[in-house]
Each structure stands twice: as structure tokens, then as C-alpha cells.
Amino acid sequence: MSTQIGIHDVAMATAHYVLELEDLAQRLGVDPDKYRLGLGQDAMSIPAPDEDAVTLGAAAAAQIIARHGVGGIRTVLFASESGVDQSKAGGVFIQGLLGLPRGVRVVELKQACYGGTAALQAAVGLVARNPEERVLVIASDVARYDVDTPAEPTQGAGAVALLVSADPAIAVVEEAYGVATMDVDDFWRPNDRSTPLVAGALSVSAYLDSAIAAWDDYAAHGGVSAEQIDRWVHHQPYTKMARKAHRALGEHLGMELPEGPLEDTFTYNRRIGNTYTASAWIGLISLLHHDSTLAGSRVGVFSYGSGSVGELLTLAVQEGYREALDPVAARAALEERQKLDFDTYRRVYASAVQGSADQRTERSGAQPYRLAEVKDGARRYEKA
Ligand code: CAA
């Protein structure tokens, strides 16, 4: 029998501030139900100027290192589409901040929101080669859009860290997967921009096309039937999008896929917003934290990255998975955020650190790692 490889531990982090979408709707003169029901979102995490994809990723990864130490970790895969440098991998800053050994390879992966899933599959491959090794996967993003656009209420910020190992405590990544790559300009961020360009309606249809194409590829490459998948997690740029994908998949398969269980995958993302590479995996963490009946069941995960690459994979949830989880830390990360009013949100948004001009940041709060300054063009991070 081949070695069982998958997710041994998971952790998440989000930003220091939160804006209630009701407050945003009120100030923009929009019916709050458009956000609550139309998008399926209640709030969004907003990073302080001393937070970015590196500090959020470090905060998630530190929880894993605190529980398991660094033994066996020889690779750190950092996935992001809001990386802080065009050359240096964000994970290298994290190696320094967390005091990870020098004997690790670190690399950054990018393909929009899909990068975290690519990192997970690469990690599975590395562990298959040497089951003694463990791979630290970090998916971290700040989803920042232009203000006063339809995408503004779909911002967010957050990170996940996954420890990938043989004989995992939480879930085995099953062998069959389905992938689909289609060259489309639905959402992209040219090198001179800090916010993406979005063709909103096209992005929705491209996501749905990708979900169906990934399913067809999965079915053609040894995947199980949809009846054998007990729960589903879909990428959540906003939670209504996951609902749309679920319905489209059901229609494609000619069967009704129950929507009720999706709710458990939405609990965190409804209040965090989009986290790009982390989004589907925060959806999975939310499911694991809120559904205590998953042992022995199969979870289908659909990951979508604009541009576009989609992947459908399945996880076999392990007996005793609940004991490996830390829902208290996840809830604390959400509850301890500081609420912003609309005007302060717009001020914080405008003071995000951009570019390479030297500057120092103010300490925003109690998060474990922070961006202290940009000096001689280089970002300097510190333990808070
Ligand atoms: N009460 C209830 N619902 C309401 C309402 C009200 N008063 N007013 C409007 N709605 C509903 C609409 O009927 C619509 O529902 P359906 O989608 O079910 O038709 C929904 O609210 C959204 O309204 P609009 O269709 O008017 O859309 P919008 O102009 O507000 O833009 C958006 C929506 C295109 C998603 C925009 O938020 C956007 O550009 N977001 C960023 C791009 C994005 O997230 N795309 C998703 C796929 S791409 C991807 O997944 C990668 C990624 O992470 C970015």
C-alpha cells in the first residue's frame, strides 16, 4: 500500500482590523442585503499598515511550529498573489522571523488564488519521495481592491498554514485530482498596480467554467462519483460564489447537491472576506471546526485561481481529526479584531505601505509579527 500523505495540522490568521459591511453599505448608499444576501458576506478583515502577506503568514505558521517544532521540515512553500517582493520569496522573511533552520528550501508560488493548492500538491509529492520529511505550506494574501468599485465589499486578509506529512492526523490528500487551465483575462494585477483589474461578470463565469472543467478532468482521471463525496468546499471570493459553483456542478452532474452543509464552510469567510490563496483552506478549516461528524468522510475541495487554473481534489478525513484542531485560536483571531468605522477604514486603506520608499510604520496592535519599516528599499520585519 502506498504511503498515506496529507494534512497533519492546520492554522489560520487574519488581520488586525474589521469593517462591518453594513457600515460600508450605509455610507455607500447600498442596500445592506446586497452584501449580506447578494454576496453572502457580513464583514471584512482590513490589514493595519504594519501587516501584510508576510506577517499574516508568519502568524499562521508560528502556531504550527509551536505545536510540532521544526523537525523534518526541509521545505517551506509560500503561496501568495499579494507578495511583497518581485524577487525574494515571502517565506524567506518567515524563515527568519520564526527561526526556522537554515537547512530548508523556501520558494514562493503564484497563480492567483490557486497557488496554495499547487503548494499542497507539491508538498504531497515531496513527502511521497521521503516520508520522513514534513513540508510547511503557507498561503497568505491581502485582497485589496479599488475603493468605490463593486469589488470593494469583497476585500479581506488572512493566511493559513498547513503541515503536510505522512500518516496525517487530519486528512489524507487522495490520489485522484482534476485540473483545468484556461487563458482568460478575468482578474489580473499588472506589475505597476497594487490593486487588480477585474472583469466582474467574466470572473464569475470563468470560475464556473473552471469548476465544471476540473470536475470533468477529475472524473476522467480515476475520481470517485459525486455520490461518494460527503462534503464540499469551494473557493470563496465571497460565499455566494461558492453556492453558485455548487449549483452549477449539481446541474452539470444532473443531481441535486445538498447546499446545507456548505454553511459550515462559510462561517469564517463570511466575516473575513476574500483571502485569495487561503480562501478555500479557511473554508476547510471552518468545516473541520464546525462539523464534528466528518471522521471517515470524503471532502471535495475546488480551488480556483483567476487567469485561470482550477483544481478539484478530495480529502479523506481521519479518525480523531478533532483532537488535532485549535478552534479556540481561530475564533480568537476573528473576535479580537478591532472594529473600524468607515472613515477610519478609508484612512487605514490609504496608509498601506506601497513601494520601496523608506518609511516606518506605527505599531497597530498585539499581532505576533509586524512590518517595522522599509529601509534602503528593503522591508524589515520584527517580532511584535
Ligand atoms: N438584496 C439581495 N441581493 C441583492 C440585492 C439586494 N438588495 N442587490 C443585488 N443583489 C444581488 C444580485 O442579484 C447578485 O446576485 P446573483 O449573483 O445571485 O445574481 C449579487 O447581489 C451581486 O450583485 P451584482 O450582480 O449587481 O454584482 P456587482 O456589480 O455588485 O459585482 C462582483 C459583483 C462582480 C462579484 C464584484 O463584487 C467583483 O468584481 N468582485 C471581485 C471579483 C470576484 O470576486 N469574482 C469572483 C470570481 S473570480 C475568483 O473567484 C478569484 C478571486 O478570488 C478574485
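Observations on the model:
- Charge context of K339, other residues only, Cβ under 10 angstrom, K/R +1, D/E -1: -2
- Computed over every Cα-Cα pair of region 208-250 and binned at 5 Å starting from 0, the pair-distance distribution P(r) comes out as 5, 21, 29, 28, 12, 4, 0 percent.
- Spin-label zone in region 141-180 - amide nitrogen under 17 Å from a point set 7 Å from the Cα of V30 along the C-beta vector: 143-157
- Dipole magnitude of the chain about its Cα centre (Cβ charges: Lys, Arg +1; Asp, Glu -1), debye to nearest 20: 1000
- Full extension of the chain between A384 and R102 gives 99.3 nm of extra length, using 0.36 nm per residue less the Cα-Cα distance.
- Charges were assigned to the Cβ only: +1 to each Lys and Arg, -1 to each Asp and Glu. The resulting dipole of region 1-156 about its Cα centre is roughly 960 debye.
- The length gained by stretching the chain between S225 and L37 to full extension, at 0.36 nm per residue less their Cα-Cα distance, is 64.6 nm.
- Whole-angstrom gap from region 322-384 to region 1-71, using each part's C-alpha centre: 12
- Take 166-174, 144-152 and order them by the average number of nearby Cβ atoms within 10 Å per residue, most first; the result is 166-174, 144-152.
- Cβ-defined net charge surrounding R243, 11 Å radius [Lys, Arg +1; Asp, Glu -1]: +1
- The residues neighbouring E382, those whose beta-carbon lies less than 14 Å from its own, together hold a net charge of +2 under the Lys/Arg +1, Asp/Glu -1 convention.
- Largest-first ellipsoid semi-axes for region 1-131, taking √(5λ) over the Cα gyration tensor eigenvalues, angstrom: 34, 18, 14
- Put simply, when 94-101, 368-375 are sorted by average Cβ atoms within 10 angstrom per residue, most first, you get 368-375, 94-101.
- Only protein atoms count toward the accessible area here, which uses a 1.4 Å probe; on region 175-322, the carbon and sulfur part of that area reaches 49 percent.
- Region 226-285-region 153-213 distance, computed between alpha-carbon centres (Å): 13
- Share of alpha-carbon pairs per 5 Å distance bin for region 151-254, given as whole %: 2, 9, 16, 20, 19, 16, 12, 5, 1, 0
- The chain: calculated mean residue ellipticity at 222 nm from DSSP helix runs of at least 4, using -39500 (n - 2.57): -9500 deg cm²/dmol
- Positive-end extreme of charge dipole, the chain - chosen from A352, V127, L315 (charges on Cβ): A352
- Per residue, the accessible area of the chain comes to 40 Å² when a 1.4 Å probe rolls over the protein heavy atoms.
- Mean projected area (nm²) of the alpha-carbon convex hull when region 182-318 is viewed from all directions: 8.6
- Extension gain, D146-A332: 0.36 nm per intervening residue step, less the Cα-Cα distance, totals 64.1 nm.
- Across the chain, the volume of the C-alpha convex hull divided among the residues equals 127 Å³ per residue.
- Percent antiparallel among DSSP beta bridges (both partners in the chain, rounded to 5): 75
- For region 233-246, 3J(HN,Hα) computed residue by residue from phi via the Karplus equation (6.51, -1.76, 1.60; θ = phi - 60°) reads 10, 10, 3, 10, x, 7, 5, 4, 5, 5, 5, 4, 4, 4 Hz, glycine and proline entered as x.
- Each of R189 and S356 was given a label point 7 Å from its Cα along the Cα-to-Cβ line. The distance between the two points is 1.8 nm.
- Spherically averaged projected area in nm², based on the convex hull that wraps the Cα atoms of region 289-377: 9.9
- Computed from point charges on the beta carbon alone (+1 for Lys and Arg, -1 for Asp and Glu), the dipole magnitude for region 134-189 about its Cα centre is near 320 Debye.
- Members of K110/K244; K88/K110; K34/K244 lying beyond 20 Å, as alpha-carbon distances in this model show: K110/K244
The values are calculated or read from the model by the stated rules, or taken from the named source; none is laboratory data. Here the structure is a predicted model, which is why all the values come from computation and not from measurement. Note that we place each Cβ from the backbone using ideal geometry, even for glycine, and neighbour counts take in every protein chain shown. Areas reflect the complete protein model, heavy atoms only, side chains present, ligands, DNA and RNA absent. Shrake-Rupley method; radii C 1.70, N 1.55, O 1.52, S 1.80 Å.
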